[in-house]
Ligand SMILES: Cc1ncc(COP(=O)(O)O)c(C=O)c1O
Ligand SMILES: Cc1ncc(COP(=O)(O)O)c(C=O)c1O
Ligand code: FES
Ligand code: FES
């Protein structure tokens, strides 16, 4: 069902854990499946570079793998670059997800946004393109097509 | 599907053929399945004993077997005894028929009656219990239950 | 009894040994439920997926357009009932023919009686071919579905599917075909022929019994027939019959791969059968079209005699055949197909269907015809209808 | 990967070698269509007849009350839809429960939406057992059918079938039970329990996939679901899946013969599983009734973690299990059964179902529990919900 990349990131997830006194923390949940993801960011206030990123996830294999991949992908990036991280990019980096699992990758995108929002709130800055995240995300449509 | 007795009478039918100048001939058809049976009787006018009996049948295996058995059973009998031959007796003598094939044995009973009627008409006699046979017989109900 | 000559391949076929071979590991080794998440089950899933691909390829269809069922009857029921439900707001009229299999006809009767459908049963010509002009005339603004079988199971006549597909398309009507007898016997490409739905059954092409499929063109909004779990893209519930599906895939692949060679041979034997019978037995008639005919179908009517008796006597010689007379199938009426091509009752009654396989030889044909001559003569001598 | 420990026997089972053995000759040797007249086909017919007898015996039913289908889902669909059609002039109300399999629930939804049925979905108590007083209260003069599963497929709870049968009888209402999980696991006698219809599926008791049956008590006026040929006493069309039926017969016979010994052993291993898990893992809950429970069912919820992750990690150790979380089956909602017994969403999400077979040993249980402890601890350490 899952690609080898997904299984690798699920079985050996990178960046599991918490960051004490994190610059920003974001928690999002998927109202549909009930899964929850929390992302911790350590951001350099000068350069806006994400020095470290960790996660905790209550969720399916895809949720764990996308958390792991997303944290890997934002590490070392600037806030502006991190803002551009889409769930699609994460999925691609994982060699794809089954259609029913697309929403899990949205969780990762949203969790990064939520953590950035937290950072922005604390530092009273505005980040271009960033809106107040909802704590619950909903996908518009459940993926109807299944792969054969 | 058929008992050994039925198969025996089907494969080696007794009394196939015609009787020239028969004392009585009866032909009946089953309107439902379209099958046809003709019975020839050679009757001793004095004793009313059936000296010979032959048949021709256009019909299924059960029709052939019941024709054969019925002719065997009336041979040597008096008219009065032959009148008492029921399809049930013929079936029993054949070790039974599948439910859908019960009507075929009715054909044999009716054909004997029709031949007797023909004899009675020619000799202007009345035979107790004998009514004018219909040329087409109908069973009341198609047997609904099948054997398992 | 010596050698058996099996001439009832339209009723069912021998499961090919390579089909059984392919199925076996899925019983006791790769027995996982394809919906399960663990790695062990992915082998079952792959088996199903491969078979789906083999069947899609055989039809020029997409993999995700193949939905497995329990057989031709379920596929036919599904196609009609669930299409009716999905499209009944558009109209309630279905067009079919008088020579369909009971899986179609009885389903239509059900839809008429219970669900308010209006059904037109098209006549066929004396060769058992649908008349296209009557089809066109039967179409109304209420027509939502045309269901015409690809090839008839009794008399083997092959319908003008391409033309029907074109008519359906022109009028924006869905076109379903019962290809239970045709799939694996004649080339089928659903796109070229304009087919929207197609029924098939595994055991008619040396696959296992109890497995079938319904091809559903992408975009057709058919409902479910068997409700429940999310199998088959949520359209057909029930744990997948993995060994059956795998076997079906192999059978379909095999049937298509060997089609040309196999049917060329069958046609030769079939024609030899037909020619000898027509020449050597009097009062006989070939049923079905002489050329638009399944490669393996011989159907003839012998006047003055009845089918079941013929079958029983052929059986004595180890010859397995079937009859136009439906006495044995619980109904006593003569075949609706033979009546539809205009045979009178008593002639319909004396019909014999012999459906060949790739294993049927010329020698078999000669043996059978020789015996048939004897049997027909004998039964005629016993028949009150025959005067010689 | 080393040895596999298969703990998903409620999803499907390994086909028993003796079952496959019994099926094999019906593929390539006795492949005739049981409806055919020739002697060759009588072997197929006898095979079917024998299996029908084996299954009837296993239920205390009559042979002619067993109707073969393609599986549990078809049987459930048939029982509900065709009973509704036959009795709808009497009333349109059906009573079922909130914990039925989707084959029942989605069929009920269909009947509600498309056919004007009124359905009452009964609550169950926290152990997953139907409340008889609520059942009684739900009955109206319109009620034509009660459908309550024999044993639940997720949490294994066994329903008070005898009591439900008595209530149904008292009110002159038909009683159907989905016994897909129970048949072969617990003794069933349809007369003693007052069951009018019963669904079962072959692959749940070491029989083949793609075959099932519906028991229909003599006198129940159910209609056909699959229309067509005259098979199964004209009630279920389609060429019989002879090998499947034969295999099912052997599997049923085997399941009943070995029931006592097999389930005694399973209960021992099951209880060992449950005891160790409850004792050694914190924040855990057993789902389903402790004693009114299928012999092979273990279902537990672990707080703070999610089911699919657990399954994937168990799979690493060759352990095949399943989850209360339905993520993988195309729906993201947590199990309706776990919600019905009152679990909150996030706990329902962390559920694990392990269903044993006669092959599961105490050593397997110990190995699995050991691994489970590690996995649960690891996943909790990763969970944002867990604070230690
Ligand atoms: C209780 C119950 N009912 C019905 C079914 C459906 O059976 P099948 O998948 O064999 O059609 C199942 C199994 O999936 C089940 O557990
Ligand atoms: C044309 C046609 N349609 C449908 C069917 C039904 O197929 P099955 O018996 O496999 O369900 C058959 C075969 O019996 C058939 O010949
Ligand atoms: S995150 Fe909920 S199913 Fe994947
Ligand atoms: S006589 Fe017509 S079916 Fe037997």
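The values are calculated or read from the model by the stated rules, or taken from the named source; none is laboratory data. This is a predicted model, so every value here is computed, not measured. Positions of Cβ are backbone-derived with ideal geometry, glycine not excepted, and every protein chain shown enters the neighbour counts.
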**Asked** Taking the stated definitions as given, is residue C:77 closer than 25 Å to residue C:266 by Cα and either modelled with pLDDT of 95 or more or within 16 Å of ligand 4 (Cβ to nearest atom) (or both)?
**Response** no
**Message:** Looking at the stretch C:225-280 only, could you name the residues that are surrounded by fewer than 20 Cβ atoms within 10 Å (Cβ to Cβ) and either at the interface with another protein chain (Cβ under 8 Å from one of its Cβ atoms) or within 30 Å of residue C:174 (Cβ to Cβ) (or both)?
**Reply:** C:230, C:233, C:234, C:235, C:256, C:259
**Message:** Looking at (1) outside any loop (DSSP other than H, G, I, E, B); (2) within 12 Å of chain C (Cβ to nearest Cβ); (3) buried (at least 22 other Cβ atoms within 10 Å of the Cβ); (4) modelled with pLDDT under 95, which one does residue B:108 not meet, given that it meets all the others?
**Reply:** (2)
**Request:** State all residues of the stretch B:66-104 that are farther than 11 Å from residue B:50 by Cβ and either within 16 Å of ligand 3 (Cβ to nearest atom) or within 14 Å of chain C (Cβ to nearest Cβ) (or both); if no residue qualifies, say none.
**Result:** B:66, B:67, B:68, B:97, B:98, B:99, B:100, B:101, B:102, B:103, B:104
**Prompt:** Taking the stretch D:329-338 as the region of interest, how many residues are free of Cβ contacts under 8 Å to residues at least 24 places away in the same chain and away from chain C (no Cβ under 14 Å)?
**Reply:** 1
**Message:** Out of everything in the stretch D:317-329 that is at pLDDT below 95 and either in contact with a helix residue (DSSP H, G or I) (Cβ under 6 Å, 6 or more places away or on another chain) or away from ligand 1 (no atom under 15 Å from the Cβ) (or both), what residue ends up being nearest to residue C:231 (Cα to Cα)?
**Reply:** D:327
**Whichever residue in the stretch C:88-105 is over 13 Å from residue C:177 (Cβ atoms) and part of a strand (DSSP E or B) and, among such residues, is nearest to ligand 1 (Cβ to nearest atom)** = C:94
**Prompt:** Here are some conditions: (1) surrounded by fewer than 23 Cβ atoms within 10 Å (Cβ to Cβ); (2) farther than 30 Å from residue C:40 by Cβ; (3) more than 16 Å from ligand 2 (Cβ to nearest atom). Residue D:4 meets all but one. Which one does it not meet?
**Reply:** (2)
**Prompt:** Only one of these conditions is not met by residue D:346: (1) over 20 Å from the mean Cα position of the chain (by Cα); (2) assigned to a helix (DSSP H, G or I); (3) at pLDDT 95 or above. Which number is it?
**Reply:** (3)
**Request:** Search the stretch A:74-99 for residues being closer than 18 Å to residue A:12 by Cβ and surrounded by fewer than 20 Cβ atoms within 10 Å (Cβ to Cβ), and hand back the single one that is farthest from ligand 2 (Cβ to nearest atom).
**Result:** A:75
**Request:** Answer yes or no as to whether residue C:55 is surrounded by 24 or more Cβ atoms within 10 Å (Cβ to Cβ), more than 10 Å from every other protein chain (Cβ to nearest Cβ) and touching a strand residue (DSSP E or B) at 6+ places or on another chain (Cβ under 6 Å).
**Result:** yes
**Asked** Within the stretch A:51-66, is there a residue that is surrounded by fewer than 24 Cβ atoms within 10 Å (Cβ to Cβ) and not in a strand (DSSP E or B)?
**Response** no
**Request:** Being within 13 Å of ligand 3 (Cβ to nearest atom) and assigned to a strand (DSSP E or B) is the filter here, so list the residues in the stretch D:292-311 that pass it.
**Result:** none
**Message:** Here are the criteria: (1) surrounded by fewer than 24 Cβ atoms within 10 Å (Cβ to Cβ); (2) in contact (Cβ under 8 Å) with a residue 12 or more places away in the chain. Tell me which single one residue D:137 does not satisfy.
**Reply:** (2)
**Message:** Return the pair list, or none, for Cβ contacts closer than 9 Å from residues in the stretch D:295-311 that are more than 30 Å from residue D:205 (Cβ to Cβ) and more than 14 Å from every other protein chain (Cβ to nearest Cβ) to residues that are within 16 Å of ligand 3 (Cβ to nearest atom) and assigned to a strand (DSSP E or B), at least 6 apart or on different chains.
**Reply:** none
**Item:** In the stretch D:348-388, the residues that are within 12 Å of another protein chain (Cβ to nearest Cβ) and over 27 Å from residue D:185 (Cβ atoms)
**Value:** D:349, D:375, D:378, D:379, D:380, D:381, D:382, D:383, D:384, D:385, D:386, D:387
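Results for (1) away from chain C (no Cβ under 14 Å); (2) within 16 Å of ligand 4 (Cβ to nearest atom); (3) farther than 25 Å from residue D:351 by Cβ, shown as yes or no for each residue.
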site	(1), (2), (3)
D:108	no, no, no
D:130	yes, no, no
D:137	yes, no, yes
D:140	yes, no, yes
D:158	yes, no, no
D:171	yes, no, yes
D:175	yes, no, yes
